[in-house]
Amino acid sequence: MADRTVLMIPGPIELDADVLGALAQPQRGHMDGVFAKAFGRALGRVREVFLAPSAQPFVIAGSGTLAMEIATANLIDPGDRAVVVNTGYFGDRMRAILERQGARVDEVRAPLGEVPDTGALERALASAPAKLVAVTHVDTSTGVRAPIEDVARVAREHGALTVVDGVCSVGGEELRQEAWGIDVVLTASQKALGAPPGLALVVASPRALAARRAKKVPVASLYLDFLEWLPIMESYEKGAPQYFATPPTNLVLALDVSLGQLVAEGMDARFVRHARQAGAFRAACRALELSMLPAREAIAANTLSAFYYPSGVDAALVGRVRSEGIIMAGGLHPDAKTKYFRVGHMGVMTASDILAAVAALERGLIASGYRFEPGIGVATAQRHLSAR
Ligand code: PMP
């Protein structure tokens, strides 16, 4: 039998057929009028998806890590102080990037599975001025969602810019760039935006662009500089091609299609659907008596779930669930890597995909020798998904 699987790792994710179709279009040049129109439309859709009507979108070939570097390189001068609200693996990466760029970095950390309280951030910012505060919205290593609206408010009150790493959130978790006063939001194409990997997306508020212009030293890398890309993005958004560095044309076409689907679903409806499906998955895991890595339901992400293996079960569970047709991921956080698994449920996932994932998880647990009432997870998820 063919190896039919559903990719439910926390990115890359399953792609819609129309998105795949866009990838297979004949190659066009980057100065082609049809491509320019699609790129321009995609940029407009980025504003809608990030709820960022007045911010400047940048769509650039690269992964989420490049987006992190772009976001910070344009704001930091060597010696500037930055505060990282660190909830896991990608907070550590943000710190490493800022340090490479010459920032003096302080961290506000929380124990594994928790989020730092805003009081700790207040104290860190009151003790000395900071140029920026960086925070991971959903840390993909823990499934913890940070309170970015509060972080942005506290940062603003202390005169700091806010950078939100939304790689595992934008398009799945509620995030309102303009209403929440976030200066830079970054993501990548391969998660809740529903496109293949390969594009870095950054939106910058007028305040962030002003901070770039006020930088004392130029951005060290040409490719990372907002000001090199700005005329290019402005031109494409008007439908006119302009060259700086060759865009990955078919990826941009695929992104345009996937963003069109997000806009058609509506961002509020999309946030609600992700919350509902994630809530059903978590309820099923609780019914199976698994314990969640995030400390509380209120800080558990809706784009992925992270649960500890129960006693007597190890990472072999991931392989067993894979042979049942669902591809999930093992742990990532260095403090608990071998102790938990992660399931992504974002993008085109349906309620039926959630049920299939829970059913495959149950069969994997049975094969691992874990004892529970078979079907209890599926029944719980079904009740959750059917509730009006
Ligand atoms: N930040 C977060 C929250 C992520 O989940 C990831 C990727 N898993 C990254 C940054 C880095 O993105 P990429 O792997 O595309 O470079």
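Rule-based calculations on the coordinates, nothing more; no lab input. Since this is a predicted model, take the numbers as computed values, not measurements. Reconstructed Cβ throughout: ideal geometry from the backbone, glycine too, with neighbour counts over all protein chains shown.
Per the Debye formula with a single identical scatterer at each Cα and no solvent contribution, what log10 I(q)/I(0) holds for the stretch 157-305 at q = 0.15 Å⁻¹?
Per q value, in the given order, log10 I(q)/I(0) is -0.95.
Assigning unit charges at the beta carbon (Lys, Arg +1; Asp, Glu -1) and nothing else, what dipole magnitude in debye, to the nearest 20, does the chain show about its Cα centre?
Dipole about the Cα centre, nearest 20: 60 debye.
According to a simple spin-label model (label point 7 Å from Cα along Cα-to-Cβ), what is the distance in nm between Ile376 and Ala220?
It works out to 5.5 nm between the two label points.
Once you have a ≥ b ≥ c as the square roots of the Cα gyration tensor eigenvalues for the stretch 95-243, tell me rounded if a/c is under 1.5, and otherwise prolate or oblate according to whether a/b is larger than b/c.
In terms of gyration-tensor shape, oblate.
Count the DSSP beta bridges whose two residues both fall in the chain, then state the antiparallel fraction as a percent rounded to the nearest 5.
50
Greater than 27 Å separation of Cα atoms is the criterion. Which listed pairs, Lys191/Lys337; Lys131/Lys337; Lys191/Lys216, meet it?
Details: Lys191/Lys337 21 Å; Lys131/Lys337 33 Å; Lys191/Lys216 35 Å.
Beyond 27 Å: Lys131/Lys337; Lys191/Lys216.
How would you order 90-99, 320-329 from highest to lowest mean count of nearby Cβ atoms within 10 Å?
Packing order, densest peptide first, comes out as 90-99, 320-329.
Please list 296-303, 235-242 highest first by mean number of surrounding beta-carbon atoms within 10 Å per residue.
Numbers: 296-303: 19.8, 235-242: 16.5.
Listed from highest to lowest mean packing, they are 296-303, 235-242.
Note down the net charge around Pro231, summing +1 for each Lys or Arg and -1 for each Asp or Glu among other residues with Cβ under 12 Å from its Cβ.
Once all neighbours under 12 Å are counted, the net charge is -3.
Return the tail of the calculated pair distribution for the stretch 7-164, meaning the percent of Cα-Cα pairs more than 21 Å apart.
55
Under unit Cβ charges (Lys, Arg +1; Asp, Glu -1), what dipole magnitude, rounded to 20 debye, does the stretch 35-143 have relative to its Cα centre?
For the stretch 35-143, the charge dipole is close to 480 debye.
Which value in nm describes the separation of the simple spin-label points at Arg100 and Asp335, placed 7 Å from the Cα toward the beta carbon?
2.5
Count the net charge of all other residues whose Cβ sits under 11 Å from the Cβ of Ile76, scoring Lys and Arg as +1 and Asp and Glu as -1.
+3
Rg and Dmax in Å for the chain, alpha carbons only: what are they?
Over the chain's Cα set, Rg and Dmax evaluate to 21.0, 64 Å.
Would you mind classifying the stretch 293-345 by shape? Square roots of the alpha carbon gyration tensor eigenvalues, ordered a ≥ b ≥ c; an a/c under 1.5 is rounded, otherwise it is prolate if a/b is larger than b/c and oblate if not.
oblate
For the stretch 138-201, what are Rg and Dmax over the alpha carbons, in angstrom?
Calculated on Cα positions, Rg and Dmax stand at 12.2, 38 Å.
Set the Förster radius R0 to 30 Å, insert the Cβ-Cβ distance between Ala367 and Ala298 as r into 1/(1 + (r/R0)^6), and round the FRET efficiency to 0.05.
On the way: r = 33 Å, r/R0 = 1.11.
After rounding to 0.05, the efficiency reads 0.35.
I'd like to compare 218-228, 56-66, 143-153: which one has the highest average count of other Cβ atoms within 10 Å, and what's the full order after that?
Descending mean neighbour count gives 143-153, 56-66, 218-228.
Which value, in debye to the nearest 20, gives the size of the charge dipole of the stretch 282-347 about its Cα centre, when Lys and Arg are +1 and Asp and Glu are -1 at the Cβ? Display every interim value, and only then the final one.
On the way: 8 positive and 5 negative charges, 14 e Å.
Roughly 60 debye, rounded to the nearest 20.
Give the shape of the stretch 278-388 as rounded, prolate or oblate, defined through the alpha-carbon gyration tensor: a ≥ b ≥ c are the square roots of its eigenvalues, a/c under 1.5 means rounded, and otherwise the shape is prolate if a/b is larger than b/c and oblate if not.
Rounded, since a/c falls under 1.5.
Using only Cα atoms, what is the ratio of the radius of gyration of the stretch 30-96 to 2.2 N^0.38 Å?
Here the answer is 1.44, to two decimals.
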